[in-house]
Amino acid sequence: MKKIVSLIAILSFLISCNNTKSGSMIVKGNIDGLKKGTLYLQKFNDTILVSIDSIQLNGKGNFTFADEIETPEIYYLVLDKKSDQKILFFGEKGEITITSKLSKFATSAKITGSKNQTLLEEHNAMAQKFSGKKLDLFKEKFDAKKIGDTALISEIEKQETNLIKRKYYYSTNFAVNNGDYEVAPYIALTDLYYANIKLLDTVNNSLSKNVKASKYGLKLNDFIEGIKKNE
């Protein structure tokens, strides 16, 4: 009987070890309201979005993922029931916690444990204000066109051009001030794609040695070199 009990204890220990996920990045969390479904951890491999890890949830919305990560980069949480929605987050070494609600899977996500993610959210909060102002100007110009007010249309177009410049300068300054983090080249690649090459160079020159050697640091440098070759 003692031998059977000992064997059960050993088997239980081995099973628990097999269920323990390991990696330089651990992603834990909960999807409130989720009772059953498959959750995926994904990231881009070149231009293809691939699944790194997955878990079938049944009864509880708790999850744990793991991945070996060399430099911080963007990951996604994708739920099979809401495949059109993705929780985007900046992954990095250490433990990251993500909580969300099933009803608002992508928009209600709260993410902690990643400094790059915190900086990205700070940048995006201001970027959304620029987007809101852009929508306001679009409506104003639409109304001006309806009544044929060419002077007002011209003035609004000047405001639109100025708004774009302000957003570019904001993103550039934000990236420069955070050149020690991988979020800086990521912002340059995603928000300054159409900006003047001088702004991209400014960000690139502000990056720390480690960030220059990161995934997005290398991509930014290659992007800039490609532009210069075609000039």
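Results, tabulated for the structure shown:
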{"quantity": "Residue-span extension gain [residue 107 to residue 136] - 0.36 nm each, minus C-alpha spacing", "calculated": "8.2 nm"}
{"quantity": "Links that overshoot a 22 Å alpha carbon limit, given the list 133/198; 35/110; 93/219; 110/134", "calculated": "133/198; 110/134"}
{"quantity": "Contact order relative to length of the range 26-71, as percent, for alpha carbon pairs under 8 angstrom and 6 or more apart", "calculated": "46"}
{"quantity": "Percent of Cα pairs exceeding the 21 Å cut-off, where the set is the chain", "calculated": "66"}
{"quantity": "Value of relative contact order over the chain, rounded to a whole percent, pairs C-alpha under 8 Å and six or more apart", "calculated": "14"}
{"quantity": "Theoretical gain in end-to-end length, residue 22 to residue 190 [0.36 nm per residue, Cα-Cα removed]", "calculated": "57.4 nm"}
{"quantity": "Mean ellipticity per residue at 222 nm, deg cm²/dmol - from DSSP H runs of n ≥ 4 across the chain, formula -39500 (n - 2.57)", "calculated": "-17000 deg cm²/dmol"}
{"quantity": "Where labels lie 7 Å past Cα in the beta-carbon direction, separation of residue 51 and residue 99 in nm", "calculated": "2.7"}
{"quantity": "Folded to 0 to 90 degrees: helix 150-177 orientation relative to the chain principal axis, Cα", "calculated": "40"}
{"quantity": "Residues in the range 149-173 reached by a label modelled at residue 143 [backbone nitrogen below 18 Å; 7 Å Cα→Cβ]", "calculated": "149-160"}
{"quantity": "Where labels lie 7 Å past Cα in the beta-carbon direction, separation of residue 58 and residue 221 in nm", "calculated": "4.9"}
{"quantity": "Potential lengthening between residue 126 and residue 80 on full extension [0.36 nm per residue; Cα-Cα distance subtracted]", "calculated": "13.4 nm"}
{"quantity": "Ranked order, 52, 74 - accessible area, probe 1.4 Å, largest first", "calculated": "52, 74"}
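The values are calculated or read from the model by the stated rules, or taken from the named source; none is laboratory data. Keep in mind the model is a prediction, meaning the values are calculated, not measured. Quick reminder, even Gly has a Cβ in these numbers, built from the backbone with ideal geometry, and neighbours come from all protein chains shown. What goes into the accessible areas is simple: the full protein's heavy atoms, side chains included, and nothing from ligands, DNA or RNA. Shrake-Rupley method; radii C 1.70, N 1.55, O 1.52, S 1.80 Å.
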